[in-house]
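First up is the structure itself, then whatever we jot down about it.
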Amino acid sequence: MAGTHFKQLHALPILLLGLLLQPCFIVQVSAECRSKSKSFRGCHDEAEALKLKLIAIFSILVTSMIGVCLPLFSRAVPALRPDGDLFALVKAFASGVILATGYMHVLPDSFNDLTSDCLPETPWRKFPFATFVAMLSALLTLMVDSVALSHYKKRFAELATGNGEQANQENVEMEHVGHGHDKSGKEHPEDGTHLLRHRVVAQVLEMGIVVHSVVIGLSMGASDNPCTIRPLIAALCFHQLFEGMGLGGCILQAEYGIKMKEVMVFFFSITTPFGISLGIGLSNIYSAQSRTALIVEGVLNAASAGLLNYMALVDLLASDFLGSRLQNSLKLQIWSFIAVLLGAGGMSLMAKWA
């Protein structure tokens, strides 16, 4: 039942994308914005840009699939199993990438869109809408996180009521929400509540990634500037590879069935190439400088930034660093901090090009 509700989350980015396809996107842009847009098109070459965009679709699709699938096959490699130290370091690195994606890529894009000179000064440059929407998005993510876990706890307790002695044992386990530790400090992946925690994290994280991926893909697909697209391809491949590893680690810990794993891998891998393809198809009618385009993209980016920042800090980094594995090993904790800084630093450097 819960799985059905979670699958419906994947439809949300598609519904939001419908806003981008409204006819109001095809509007007259002010002369000032049009001239400003042309001033950045010194490298204008539609034929060359199209070749690069086709290369981008293939390369980003492949790197996305590799990134998200690597953790899913890690059980075959003993050193990369979820209970291994190497897996903890890789996950910490990928969490740093996701954190930097929210702060260094998505949120600045939202600022640029919502404070653009193409929008009227009142209210867009009189109020910090980007950070306001990001804050609301983070709070909404917390609400979804809390309500989903609370709902499942009640269902879990009701199902366990008729099991006599086993029910009491299950209810004791329910007290350790989000932890699932025994006296030895080891985690119980079998614990129902702990498992749902991983599933909520995986689903909400993917939703935030998918929204941003479609928006950035659409922007690339609509561009005809090879000088902008060329470095963007490399940056997005790096981004999708390591962001995919972070998401793949969450999917692995969620212990989904094969069908659900396939659905999540498909949506993550296809969204950016889909956005690029959509941008190519709409390049003749889509104006990135139109008011509606700037507002919708800015709001979606801000919402995605708030969600990614919350997930990275609370559900990924805080959950791991305050968990028993890292708390019981100072050496692993230090190396994990280094891994986070490397992931966040590398992704921050990519902000120069993407």
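List of remarks:
- When segment 251-296 is filtered for residues that are farther than 30 Å from Leu50 by Cβ, part of a helix (DSSP H, G or I) and not β-branched (Val, Ile, Thr), the ones remaining, listed by number, are Leu252, Gln253, Ala254, Lys259, Met260, Lys261, Glu262, Met264.
Conditions (1) over 25 Å from Val340 (Cβ atoms); (2) in a helix (DSSP H, G or I); (3) out of contact with any Cys (no Cβ under 9 Å at 6 or more places or on another chain), marked per residue:
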| site | (1), (2), (3) |
| --- | --- |
| Leu99 | no, yes, yes |
| Asp109 | no, yes, yes |
| Cys118 | yes, no, no |
| Val133 | yes, yes, yes |
| Ser137 | no, yes, yes |
| Thr141 | no, yes, yes |
| His151 | yes, yes, yes |
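- Filter result for the condition that a residue is closer than 30 Å to Leu332 by Cβ, open to solvent by 20 Å² or more (accessible area, probe 1.4 Å) and of a type in the set (S, T, N, Q), over Thr63, Thr115: Thr63
- Count of segment 71-94 residues which are at pLDDT below 90, closer than 22 Å to Ala344 by Cα and buried (at least 18 other Cβ atoms within 10 Å of the Cβ): 6
For (1) at pLDDT 85 or above; (2) under 23 Å from Leu247 (Cα atoms), each residue gets a yes or a no:
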| site | (1), (2) |
| --- | --- |
| Phe267 | yes, yes |
| Thr272 | yes, yes |
| Gly275 | yes, yes |
| Leu278 | yes, no |
| Tyr286 | no, no |
| Leu294 | yes, no |
| Asn328 | yes, no |
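- Residues considered: Ser304, Ser329, Ser336. Of these, the only one that is open to solvent by less than 50 Å² (accessible area, probe 1.4 Å) and either among the acidic types (Asp, Glu) or under 30 Å from Arg230 (Cα atoms) (or both) is Ser304.
- Looking only at segment 48-92, and only at residues there that are among the basic types (Lys, Arg) and part of a helix (DSSP H, G or I), the one that is farthest from Lys261 (Cα to Cα): Lys51
- When Ser184 is tested against (1) at pLDDT below 70; (2) among the hydroxyl-bearing types (Ser, Thr, Tyr); (3) in a helix (DSSP H, G or I), only condition (3) is not met.
- Count of residues meeting criterion [open to solvent by less than 10 Å² (accessible area, probe 1.4 Å) and either among the hydrophobic types (A, V, I, L, M, F, W, C) or touching a Gly at 6+ places or on another chain (Cβ under 9 Å) (or both)] in segment 246-270: 10
The values are calculated or read from the model by the stated rules, or taken from the named source; none is laboratory data. Since this is a predicted model, take the numbers as computed values, not measurements. Every residue, glycine among them, receives a Cβ derived from its backbone with ideal geometry; neighbour counts consider all protein chains shown. For the accessible areas, the whole protein counts, side chains as well, though only heavy atoms, and no ligand, DNA or RNA atoms are used. Shrake-Rupley method; radii C 1.70, N 1.55, O 1.52, S 1.80 Å.
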